[in-house]
Amino acid sequence: MDNPSVFITRKVPEDTIAPLREVADVKMWDYEDTPVPRDILLEEAETATALYTILSDGIDRELFERAKHLKVVGNLAVGYDNVDVGAATEHGVVVCNTPDVLTDTTADLAFALLMAAARRIPEAEQYIKEGKWGNWSPLLLAGQDIHHKTLGIVGMGRIGESVAKRATGFEMEILYHNRSRNEKAEKELGATYALFDEILERADFVLNLTPLTSETKGMFNRNVFSKMKKNAIFLNVGRGGAVVEEDLVAAIKQGDIAGAGLDVFQKEPIPEDHPLVQLPNVVCLPHIGSASVETRKAMCSLTARNIRNVLSGERPEAAVNWDEIK
Ligand code: DGY
């Protein structure tokens, strides 16, 4: 019998895919910066037993209809809004993701973004690099305190808990909003459940960590920003689609809120003339939430193991529709 075939849509470290090479013929789109063109992705999907994908690949119904041999999609991310899971399930394809291994790293980044936006760190660095530092003055580049402030976390899963844990070190008050109560976070971290509107009214930092779904799409809009405190900083480390970006730009320009820290955008990548990049009180990052070498390698290894397990008929460590298929 022929070996199963795996198509990897972006260059990943060779050592992390060694276990896959033992059981399958592996083909990799060998470019770090260039996405695989759609026509090549579809062509490869037609013959592949497994696809190893990244979050910018659109793994949609059209693809599943053409991919007659496909058994598994291993997505290199915890989020899987780029995959039509309903269509995958209908076609008997297992969809895997990479939870847990990135929790602490993403929480570190969320907190770094909070601190960078509150204390104006990128602006301050730019100030020196542009040779503007002539004198010290009392309110030069003065930002906002972080300690003892109120953090409102929207989407209290594993990453939210991990951010909350960091916030306790800063003696912050922690509010959270989630579809279901998180008793662990309440008991162990002193987090308080709040209605969405209460978070908007009370939080100095509003952090979005929700996955992108039909319910969360565009949930941070003009109306929502207008309910936040004028000194509030909005942070997004979930998905860009949760935000109506024109409304965020308007809210910041009008002074409805004080600023933002964003790791994710509606349409990535964003150009340097994007309206959010132009605002001095917005810190923009290129979707690097989980980007430490250790964590990205752990995600790559987990993706390889997930695919290998499915190809061997075993339950993968992380799948989003395993029970619906088996
Ligand atoms: C994810 O995993 O969903 C992040 O956005 C990228 O690490």
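The values are calculated or read from the model by the stated rules, or taken from the named source; none is laboratory data. All figures in this text were calculated on a predicted structure; none of them were measured in a lab. Cβ coordinates were reconstructed from backbone atoms using ideal geometry, including for glycine residues, and neighbour counts include every protein chain displayed. Surface areas here come from the heavy atoms of the whole protein model, side chains and all, with no ligands, DNA or RNA. Shrake-Rupley method; radii C 1.70, N 1.55, O 1.52, S 1.80 Å.
For the subset of the range 273-292 comprising residues that are closer than 18 Å to Ala232 by Cβ and part of a loop (DSSP other than H, G, I, E, B), which member is most open to solvent (accessible area, probe 1.4 Å)? For the range 273-292, the residue satisfying everything is Pro280. Tell me, yes or no, whether the range 113-129 has at least one residue that is more than 16 Å from the ligand (Cβ to nearest atom), polar (S, T, N, Q) and outside the structural domain of Asn321 (by TED's automatic domain parsing). Yes, there is a match, as at least one residue in the range 113-129 is more than 16 Å from the ligand (Cβ to nearest atom), polar (S, T, N, Q) and outside the structural domain of Asn321 (by TED's automatic domain parsing).
Taking the numbered list (1) over 22 Å from Ala291 (Cα atoms); (2) over 18 Å from the mean Cα position of the chain (by Cα) in turn, Lys165 passes all entries but (1). Leu200 passes every criterion in (1) over 22 Å from the mean Cα position of the chain (by Cα); (2) part of a helix (DSSP H, G or I); (3) under 18 Å from Thr150 (Cα atoms) apart from (1). The single condition among (1) under 17 Å from the mean Cα position of the chain (by Cα); (2) crowded, with 18+ Cβ neighbours inside 10 Å; (3) in a helix (DSSP H, G or I) that Lys297 does not satisfy is (2). In the set (1) within 16 Å of the ligand (Cβ to nearest atom); (2) more than 19 Å from the chain's Cα centre (by Cα), the condition left unmet by Gly313 is number (1). Contact annotation: residue pairs with Cβ atoms under 6 Å, 6 or more positions apart or on different chains, pairing a residue in the range 105-121 that is touching a residue at least 12 places away in the same chain (Cβ under 8 Å) and among the small types (Gly, Ala, Ser) with a partner that is in a helix (DSSP H, G or I) and within 16 Å of the ligand (Cβ to nearest atom), are Ala107/Ile159; Ala107/Ser162; Ala107/Val163; Ala110/Val163. Close contacts from the range 237-252, counting a first residue that is in contact (Cβ under 8 Å) with a residue 24 or more places away in the chain and a second that is within 14 Å of the ligand (Cβ to nearest atom) and assigned to a helix (DSSP H, G or I), with Cβ to Cβ under 6 Å and a gap of 6+ residues or different chains, come to Val237/Ala110. In the set Gly241, Gly218, only one residue is part of a helix (DSSP H, G or I), surrounded by fewer than 24 Cβ atoms within 10 Å (Cβ to Cβ) and assigned by TED's automatic domain parsing to the domain that holds Ile159; that residue is Gly241. With the requirement that a residue be under 16 Å from Val73 (Cβ atoms), in contact (Cβ under 8 Å) with a residue 24 or more places away in the chain and either open to solvent by 40 Å² or more (accessible area, probe 1.4 Å) or part of a helix (DSSP H, G or I) (or both), what does the range 300-316 give you? Cys300, Leu302, Thr303, Ala304, Arg305, Asn306, Ile307, Arg308, Val310, Leu311 - these are the residues of the range 300-316 that are under 16 Å from Val73 (Cβ atoms), in contact (Cβ under 8 Å) with a residue 24 or more places away in the chain and either open to solvent by 40 Å² or more (accessible area, probe 1.4 Å) or part of a helix (DSSP H, G or I) (or both). Only a single item in (1) surrounded by 14 or more Cβ atoms within 10 Å (Cβ to Cβ); (2) under 24 Å from Ala242 (Cα atoms) is not met by Gly86, and it is number (1). Of the set (1) buried (at least 22 other Cβ atoms within 10 Å of the Cβ); (2) in contact (Cβ under 8 Å) with a residue 60 or more places away in the chain; (3) of a type in the set (S, T, N, Q), all apply to Thr16 but (1). Scan the range 94-151 for residues that are assigned to a helix (DSSP H, G or I) and either under 30 Å from Ser56 (Cα atoms) or open to solvent by 80 Å² or more (accessible area, probe 1.4 Å) (or both) and the total you get is 23.
Is there a residue being within 16 Å of the ligand (Cβ to nearest atom), part of a loop (DSSP other than H, G, I, E, B), open to solvent by 10 Å² or more (accessible area, probe 1.4 Å) and in contact with a Lys or Arg (Cβ under 7 Å, 6 or more places away or on another chain) anywhere in the range 63-78? No, the conditions are met nowhere in the range 63-78.
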